[in-house]
1. Pull out all pairs, ordered by first then second residue, where Cβ-Cβ is under 9 Å, the residues are six or more apart or on different chains, the first lies in the range 133-156 and is within 16 Å of residue 74 (Cβ to Cβ), and the second is outside any loop (DSSP other than H, G, I, E, B) and acidic (Asp, Glu).
2. For the range 92-113, give me each residue that is over 18 Å from the mean Cα position of the chain (by Cα), charged (D, E, K, R) and surrounded by fewer than 23 Cβ atoms within 10 Å (Cβ to Cβ).
3. Scanning for something over 24 Å from the mean Cα position of the chain (by Cα) and either in contact (Cβ under 8 Å) with a residue 24 or more places away in the chain or closer than 18 Å to residue 443 by Cβ (or both), does the range 583-595 turn up at least one residue?
4. Can you tell me which residues in the range 62-76 are open to solvent by less than 10 Å² (accessible area, probe 1.4 Å), farther than 15 Å from residue 294 by Cβ and out of contact with any Ser or Thr (no Cβ under 6 Å at 6 or more places or on another chain)?
5. Can you confirm whether residue 12 is open to solvent by less than 10 Å² (accessible area, probe 1.4 Å) and over 27 Å from the mean Cα position of the chain (by Cα)?
6. What residue, of 610, 588, 546, 619, is open to solvent by 10 Å² or more (accessible area, probe 1.4 Å) and either in contact with a His (Cβ under 7 Å, 6 or more places away or on another chain) or within 27 Å of residue 470 (Cβ to Cβ) (or both)?
7. So which of 488, 522 is surrounded by fewer than 21 Cβ atoms within 10 Å (Cβ to Cβ) and either touching a Phe, Trp or Tyr at 6+ places or on another chain (Cβ under 6 Å) or of a type in the set (A, V, I, L, M, F, W, C) (or both)?
8. Anything in the range 420-453 that is open to solvent by less than 10 Å² (accessible area, probe 1.4 Å), out of contact with any strand residue (DSSP E or B) (no Cβ under 9 Å at 6 or more places or on another chain) and farther than 16 Å from residue 534 by Cα? List them, or say none.
Amino acid sequence: MYLETIKKPNDIKNISPDHYTELAAEIRQFLIENVSRTGGHLASNLGVVELTMALHLVLDFPEDKLIWDVGHQTYTHKILTGRADGFANLRQFGGMSGFSRRRESDCDAFDTGHSSTSLSVGLGYVYARELSGGSNNVISVIGDGALTGGLAYEALNNAARLKSNFIIVLNDNKMSISRNVGGISRMLNEVRTSGKYYDLKEKVQDRLERVDGGDELIQKLKKTKANIRSMVTPHTIFDGLGITYLGPINGHDVNEMTRVLRTAMRIDHAVVIHVVTKKGMGYPPAEKSPSRFHGVGPFDIATGNSLKESGPTYSSALSDAICDLAKEDDKIVAITAAMSGGVGLKRFSHAFPRRFFDVGIAEQHAVTFAGAMAVAGYKPVFAVYSSFLQRAYDEMLHDVCLQHAHVVFAIDHAGLVGSDGETHQGIYDISFLSSIPGMTIFAPKNAWELKEGLRFALEEFNGPIAIRYPKGEVKNIYMDSRQRIMAGKAEILEHGEDVAMLAVGDMVDEAGKAAEILKDYGIRATVVNVRFVRPFDRLLLRRLAATHKLLVPMEDNCRTGGFAEAVCAWAELEDLKCRILPVTLPDAYIEQGSIGQLRKLYGCDAAGVALRIRKELDAEEGRIEVV
């Protein structure tokens, strides 16, 4: 009823404070119903409904700037800026993004997809405001989990020097994706649970208001409240930096939040408002299991159960493999950056708690930490999503590969990941890893090869090695082909004599299907499982180039710096007389959509690859058209 009245930015200001509770309930129901159909980030958005309402009540859009860390908590913000209709196609191909996107609305101040960025963005806007003589408000919302990222502290260090207003809302829900860890979490917990100062303040003010002259005493006390608070509550890092700290505040009380926000807007320097919220608020299944409802597919609202039966995933295959290997080798340790469940290390954390390390959202630290453990004689496995590992390029270059440290990078969500869109597609890792001297890259074709590849990396290999594998359920392809893994060697899965498809990892499935399609046109294809992207099997490729009309390197990576480009460069250097047809993703930021849709769009699915091969062979023989 009240939600229907919000058609454009700032419409929430027309709703009476008496109806805020009803509006919050309507928004939650709207989110639950829509995300249950499309999938998306649910628990985190349910937790910030009232906080977002309060921000929209005090800010004027699009003049004021609101920056959300990560960007997946913006669902209520999208609703309150008039984008409710877009939820019908949330995260779908051609539909509304699940993250803040400037191209969608001028109320989205910045495109955010990775954690710990919002404070740097906010500072950029503040200094731009100062240089241009503006007066707009700038507010950055950052989660307590994101405060483990080093970028946040670089920004805080600079924010401490500000002489104008900048509001940092610290959304404290005790969670990253997994539960928070470390000293920052402990500090916030101490502040959160210490009610002494706030209880004292309320009791004293209540008593003084009842006596003559009490108002004057209250004003005098306010001038010394910082000294009083320091005696009865924990000292925060923000106090030490000279940043005003307000809180903790109940993030589900709209009126209290708006009052504190308006107070903060009068402060002439940086101010932190510590807001306590509950992830999954208002939906019992999400409250009970916030990590499971962080990012979900379509589900049944009544039970919270997924509508799609899911089988074993590559993440669970890694889990099985590392646990089995760790039973026999006490030098194996596992590292995650706040994603133990997402990357398949939850079971390891329970089985080997002393050898499991969750460093929080701190990928750079994780890599250097792993490098030191390797130098000290251990065998660290850092399991991480492809799109998050790219944040630690310098550390891989200097702190692992330069020292030839035996670190295993288990790169989950490599290649296309689908509905999370541009910021999460893992299509650059082959390129940036290939640029690092000393890095070996292995891409398994199925779950067995992932497990065997991890065993090889830990038991037979010495040095930095990356094992990249896709998001989602394992593909039971070529299960009978279990040739022993040897460093730098590929395997032939099918023999032909016209074209050789050199497929990397998940693209082996597309190559096999393309080979079947080509049979109907009398084209006999060799299917090669590349396995080692770097260094690749030059002896095999030289032999295939001499016996086939066409080589087709296939990868789910961008063109520049990838496997196909390396093959082309090598073939030219070797002066090989062979035609090469690269099948790659473009040098672009790939939009959201299902993996199947995106592969078809860019001609990387089996049908598209087969058609391109037919066209290439027909052109060579003078037959330009393909019927």
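1. Once the first residue is within 16 Å of residue 74 (Cβ to Cβ) and sits in the range 133-156, its partners that are outside any loop (DSSP other than H, G, I, E, B) and acidic (Asp, Glu) give 143/172.
2. Hits for the range 92-113 are 102, 103, 104, 106.
3. In the first step, residues of the range 583-595 are kept if they are over 24 Å from the mean Cα position of the chain (by Cα); the result is 583.
From what's left, either in contact (Cβ under 8 Å) with a residue 24 or more places away in the chain or closer than 18 Å to residue 443 by Cβ (or both): 583.
For the range 583-595, residues over 24 Å from the mean Cα position of the chain (by Cα) and either in contact (Cβ under 8 Å) with a residue 24 or more places away in the chain or closer than 18 Å to residue 443 by Cβ (or both): present.
4. 66, the sole residue that qualifies.
5. Numbers: open to solvent by less than 10 Å² (accessible area, probe 1.4 Å): yes; over 27 Å from the mean Cα position of the chain (by Cα): yes.
Here the answer is yes, as residue 12 does meet what is asked.
6. Sole residue among the options that is open to solvent by 10 Å² or more (accessible area, probe 1.4 Å) and either in contact with a His (Cβ under 7 Å, 6 or more places away or on another chain) or within 27 Å of residue 470 (Cβ to Cβ) (or both): 588.
7. On the way: 522 fails: either touching a Phe, Trp or Tyr at 6+ places or on another chain (Cβ under 6 Å) or of a type in the set (A, V, I, L, M, F, W, C) (or both).
488 is the lone residue from the list that is surrounded by fewer than 21 Cβ atoms within 10 Å (Cβ to Cβ) and either touching a Phe, Trp or Tyr at 6+ places or on another chain (Cβ under 6 Å) or of a type in the set (A, V, I, L, M, F, W, C) (or both).
8. 421, 446, listed by residue number.
The values are calculated or read from the model by the stated rules, or taken from the named source; none is laboratory data. Source: prediction; values computed, not measured. Don't worry about glycine lacking a Cβ; one is built from the backbone with ideal geometry, like all the others, and counts go over all protein chains shown. Remember, those area values only see protein heavy atoms, side chains included, never the ligands or the DNA or RNA. Shrake-Rupley method; radii C 1.70, N 1.55, O 1.52, S 1.80 Å.
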